[in-house]
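Asker: Have a look at this one before I ask anything.
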Amino acid sequence: MNSEQTIFYILSFWFIASSLAMIFARNAAKAVLFLVLGFFSAAGIWILLEAEFLAITLILVYVGAVMVLFLFVIKMLNIDKSTLRAKFAGYLPLGLIVALIIIAEMTLVLGGAQFGLEVMPSPAKHGADYSNITVLAMQLYTTYVYPFELAAVVLLIAIIAAITLVHKKEATYKKQNISEQVNVRAKDRVRLVSIASPPKEKK
Amino acid sequence: MNNIDTFDTATLWLALPEIFLLSAIVVVLLLDLFLTKPFKQVTYYLTQLSLLITAILAFNLIGEPKSILFGNAFILDDMASVFKIFMAGSTMVALVYTRHYLTEHKLFRGEYFVLVLLAMLGMMVMVSGYSLLTLYLGLEILSLSLYALIAIARERAGAVEAALKYFVLGAIASGLLLYGMSMIYGISGSINISDIATFSANATLASREMLILNFGLVFLVIGIAFKLGAVPFHMWVPDVYQGAPTSVTMFLSTAPKIAAVAMLIRILVEGMGAMHAYWSDLLMVLALLSIALGSVVALMQTNIKRMLAYSTISHIGFILLGFVTGVISGYGAAVFYVLVYILMSLAAFGMIILFNKQGFEADKISDFKGLSKHSPWFALMMLVIMLSMAGVPPFIGFYAKLFILQQVVSAGFISIAVIVVVFAVISAYYYLQVIKSMYFESSDKAMTTTATMDVKLILSINAVLILMVGIFPDFWIKLALSLF
C-alpha cells in the first residue's frame with residue numbers, strides 16, 4: 001500500500017465515521033461539528049483527485065460560512081430534544097430495515113468487480129504545472145456556460161424566496177423619512193402651551 | 001485544456017424564448033419594487049405579456065431543424081417548442097384565476113408572479129435539457145420556486161406544512177435522481193443524453209456495465225416518479241394539493257406535469273431507449289399502482305382538492321402506461337394525455353377558485369350542493385369537467401383514455417388494459433358524486449362568485465374546449481404524434 005492509498009483510507013474512514021456520528025449525535029451542535037469533520041475529509045479526498053480548487057471552496061464556503069451559520073442558528077433555537085428522540089425511536093425499526101436492504105443491494109452492485117482498478121484504471125496523473133483552476137475556469141465559461149447561468153438563476157430564486165418568506169410589511173421594520181426630517185419646522189415639534197401660573201402663596 | 005468548445009453566438013437565437021423570459025423576469029422583479037399600491041396590477045399584466053411573448057417566440061421556432069447547442073446541453077426540437085407553448089399557455093390561464101384568488105385572500109404580491117415566471121423558466125430548461133446537468137438544474141429551478149410559492153401563504157398552518165413536506169420529499173427525490181445520474185455518468189463517462197444513448201445502445205456492453213446502468217436507471221426512475229407523484233412515491237401529493245393555496249395547487253398540477261413528462265422522455269426514451277425492456281417494467285408497476293390507489297382512495301375524500309390530488313395520481317398512471325408500450329404511438333398517446341389532463345385540471349381547479357371568497361375556500365364537495373339551482377351555467381361546466389375526467393364520451397378525457405388503452409392493447413398487454421378499465425369505472429363514482437351533489441341535493445347556502453368577467457370567460461372557454469376538442473380530437477392527436 002503506497003502513501004496515497006493510506007491517506008485515502010484514513011480520510012474515507014473519518015468521512016464515514018463522522019457522517020455516522022453526525023446522524024446519531026444527540027446534540028445538534030455536536031452533529032454540526034461532526035459534519036464539519038466530514039467536509040474536511042471529503043475535501044481531502046478531492047485534493048487526492050487533483051481537484052484542489054473544489055476542495056478549498058468546500059472548506060471555505062461550507063465549513064467557513066454555512067456551518068458556522070448553522071451553529072449560530074442551532075444555538076439560537078431552543079430545540080426540544082426529547083420529542084425528537086421519541087419520534088426517532090418510533091421510526092427506527094422501519095428505517096433500519098430499509099437502510100440495511102439498501103446497503104446490501106449497494107454492496108452487491110458497487111463492489112470492486114464493477115469499479116475496481118482492473119476494470120476502471122485510475123486516471124493519469126498531471127504534472128506539477130497543471131492548474132486545476134485554469135481548466136475549471138476555461139470549461140465553466142465555454143462548455144458549461146449554460147449550466148453556469150442556470151446555477152445563477154437558482155441563486156436568484158433563493159434570494160427572492162428567502163426575502164418573500166421572511167419579509168413582513170410594515171409590521172417589523174421602521175424606516176426614516178429623510179425629507180420629512182429635513183423639512184420639519186419648529187412648530188411641528190414644539191408646542192407652546194400657556195399655563196396659568198398658580199397664585200403665589202402668601203407667606 | 002484541449003476540449004474547449006467554441007462558443008457560437010450565431011446560434012443563440014435558438015434559445016430566444018429562455019433568454020427573453022429571464023430578461024423579463026428581471027425587469028418584472030425590479031419594476032415591481034417601484035410600483036406603488038394602486039399600480040400593483042401592472043405586475044400581473046407584465047407577467048402575462050412576458051408569457052405571451054415567450055410563447056410567440058417558441059412558436060416561431062417550430063419547424064426549425066433539431067439543433068443542439070451550448071456544449072450539447074440544450075436541445076431545440078419541435079417537442080421542446082410545442083411543450084413550451086403549452087406550458088406558457090396553461091400558466092397564463094392559471095394566472096387569470098390566480099389574480100382573482102390572490103385578491104380575494106389578500107395574498108396579492110409581486111413576488112408571486114416573479115416566482116411563477118421563474119418556475120416557468122425552470123420548466124423550459126427541463127423541456128430543452130439535453131444533458132443530465134441541465135435537466136437537474138431545470139428541475140431545481142422549478143422545485144425551488146414551487147416550494148416558495150406554496151409557503152407564500154405563511155399565515156396558514158396548512159400551507160406551511162405542505163411547503164415543508166414538499167421541500168423535504170423533493171430534496172430526497174433530487175438526491176435520488178442525482179445519485180442515479182452519478183451512476184450513469186460513472187459508467188458511461190458522459191452526462192450528455194446522446195452520448196448515454198450511444199453507450200447504452202452498444203450491444204457489446206459487459207455485464208458489469210449493464211449492472212451499473214440498471215442500478216442508475218432505477219434511481220432515475222424513482223426520482224422522476226417522485227416528481228410526477230406516482231405510487232408508491234405519491235405521499236406528498238394529497239397533502240400538498242390540499243394545503244397549498246388553491247391557485248398554487250392549480251399551477252402545480254398543470255404545467256410542471258408537462259415538464260416532468262418531458263424529462264422522462266429526454267432521460268428514458270431518448271437517453272436510454274435501448275434499455276426500454278428494463279425501465280418499462282418499472283413504469284408498469286408504477287402505473288398500475290397509481291391507477292389502483294388513485295381510483296380507490298379518492299372514493300373516501302370529502303375535500304375536493306384532495307380528491308383531485310388522488311385523481312391526478314391515477315391520471316399519472318395512465319400517462320406512464322403510454323410509455324410502457326415502447327412504441328412511438330404509445331409515447332404520442334402519453335403526451336396527448338398530458339395535454340388533455342392539463343386542460344381538465346385547469347378547469348377543475350378554476351371551478352374551485354371561481355367560488356372562492358375572502359375567508360372561504362370552496363374546497364369541500366358538500367360546498368357544491370345544489371349548485372345547479374344557484375348558478376346552472378357553472379354547474380353545467382362542472383358537469384362537463386367531471387364527466388371528462390371520468391372518461392365519458394364525447395368529452396376529451398374519453399379519447400385520452402381510449403388512445404392509451406388502444407396502444408396498451410396493441411402492445412399485447414390485454415390483461416393490463418382490463419384491470420385499468422375496471423379501475424377507471426371505479427373512479428367514475430367519485431366524479432359522479434360531485435355531479436350528484438350539484439344536481440340532486442339542495443342547500444340553503446348559495447355559493448356566489450365575486451369573480452370578474454375574465455375569470456368566468458376563461459373558465460367557460462376552457463370547459464367548452466373540453467367538449468369541442470373531444471368532438472374533434474384529430475388535430476391534437478396528430479400534434480402529439482408528430483413530436484416524436
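Asker: For q = 0.10, 0.19 Å⁻¹, what log10 I(q)/I(0) does the stretch B:362-447 give under the Debye formula with an equal point scatterer on each alpha carbon and no solvent?
Answerer: -0.33, -0.81
Asker: Regarding chain A, what are the three Cα extents along the principal axes, ordered largest first, in Å?
Answerer: That works out to 113, 51, 33 Å along the principal axes.
Asker: Mind listing the phi-derived Karplus ³J(HN,Hα) values for the stretch B:353-358, rounded to whole Hz, using 6.51, -1.76 and 1.60 with θ = phi - 60°, and x for any glycine or proline?
Answerer: 5, 3, 8, 6, 10, 3
Asker: If the cut-off is 27 Å between C-alpha atoms, which lysines fall inside it for A:Lys187, apart from same-chain ones fewer than 8 positions away?
Answerer: Partners within reach: A:Lys174, A:Lys175.
Asker: Same structure, new question: Leaving ligands, DNA and RNA out of it, report the carbon-plus-sulfur percent of the accessible area of the stretch B:13-482 at a 1.4 Å probe. Don't skip to the answer; put the middle values down first.
Answerer: Working: 11350 of 15870 Å².
Carbon and sulfur together cover 72 percent of it.
Asker: Mind ranking A:Arg189, B:Arg156, B:Arg266, B:Arg109 by accessible surface for me, highest first, 1.4 Å probe?
Answerer: Details: A:Arg189 165, B:Arg156 70, B:Arg266 0, B:Arg109 35 Å².
So the residues, ranked largest to smallest area, are A:Arg189, B:Arg156, B:Arg109, B:Arg266.
Asker: Here is a further query. Measure nothing but the geometry: give the 0 to 90° angle between the long axis through the Cα atoms of A:3-24 and the longest principal axis through the Cα atoms of chain A, rounded to 10°.
Answerer: For A:3-24 against chain A, the angle is about 50 degrees.
Asker: Now for a separate question. Below 15 Å, Cα to Cα, which aspartates and glutamates can B:Lys445 reach? Residues fewer than 8 away in the same chain don't count.
Answerer: B:Glu361, B:Asp363, B:Asp367
Asker: Hey, what number do you get for the protein assembly as shown at 222 nm if only DSSP H runs of n ≥ 4 count, each worth -39500 (n - 2.57), divided across all residues, to the nearest 500?
Answerer: On the way: 30 runs with 482 residues, N = 687.
Here the helix-only value at 222 nm equals -23500 deg cm²/dmol.
Asker: Would you mind calculating the gained length between B:Leu467 and B:Val422 on full extension (0.36 nm times residue separation, minus the Cα-Cα distance), in nm to one decimal? Could the numbers behind the result be given before it?
Answerer: On the way: separation 45, 0.36 × 45 = 16.20 nm, distance 2.42 nm.
This chain segment gains 13.8 nm when fully extended.
Asker: What does a probe at A:Met138 reach in the stretch B:52-83, counting residues whose amide N is under 20 Å from the point 7 Å along Cα→Cβ?
Answerer: Backbone N within reach: B:70-73.
Asker: Just tell me the longest site-free run in chain A, where the sites are chymotrypsin sites (Phe, Trp or Tyr not before Pro) in a DSSP loop having at most 14 other beta-carbon atoms within 10 Å. Mind dumping the intermediate values first?
Answerer: Numbers: sites that count: A:Tyr130, A:Tyr173.
Here the longest segment lacking exposed loop sites spans A:1-129.
Asker: Rounded to the nearest 100 Å², what is the buried accessible area between A and B, both sides summed, probe 1.4 Å?
Answerer: Details: alone 17620 and 18580 Å², together 33010 Å².
Between A and B, the summed buried area is about 3200 Å².
Asker: For the protein assembly as shown, what log10 I(q)/I(0) values come out of the Debye formula at q = 0.08 1/Å, with one point per alpha carbon and no solvent?
Answerer: Cα-only, vacuum Debye calculation for the protein assembly as shown: -0.68.
Asker: Moving on to the next point. For the stretch B:13-482, count the residues as N, evaluate 2.2 N^0.38 Å, and divide the Cα radius of gyration by that value, please.
Answerer: Numbers: Rg = 21.4 Å, N = 470, 2.2 N^0.38 = 22.8 Å.
The reported ratio for this selection is 0.94.
Asker: On a 0 to 90° scale, report how tilted helix A:132-141 is relative to the longest principal axis of chain A, with both axes built from alpha carbons and the result rounded to the nearest 10.
Answerer: Relative to chain A, helix A:132-141 is tipped by roughly 70 degrees.
Asker: Moving on. Quick one: which residues, 5+ away or cross-chain, put their amide H under 5 Å from the amide H of B:Lys364? H built at 1.01 Å from N.
Answerer: Those lying under 5 Å, H to H, from B:Lys364 are B:Ile304.
Asker: Report the FRET efficiency, 1/(1 + (r/R0)^6), for A:Ala17 and A:Lys168, where r is their Cβ-Cβ distance and R0 is 51 Å, rounded to 0.05. Don't skip to the end; give the middle numbers.
Answerer: Numbers: r = 43 Å, r/R0 = 0.85.
Result of the calculation: an efficiency of 0.70.
Asker: Find the accessible area per residue for the protein assembly as shown; the probe is 1.4 Å, ligands and nucleic acids are left out, and the unit is Å².
Answerer: Working: 33010 Å² over 687 residues.
Heavy-atom SASA per residue in the protein assembly as shown reads 48 Å².
Asker: Enter the angle in degrees (range 0 to 90, nearest 10) between the Cα long axis of helix A:28-48 and the first principal axis of the Cα atoms of chain A, meaning the one along which they spread out most.
Answerer: Roughly 50 degrees between the two axes.
The values are calculated or read from the model by the stated rules, or taken from the named source; none is laboratory data. From a predicted model like this one, the values you see are computed outputs, not experimental measurements. Cβ coordinates were reconstructed from backbone atoms using ideal geometry, including for glycine residues, and neighbour counts include every protein chain displayed. Surface areas here come from the heavy atoms of the whole protein model, side chains and all, with no ligands, DNA or RNA. Shrake-Rupley method; radii C 1.70, N 1.55, O 1.52, S 1.80 Å.
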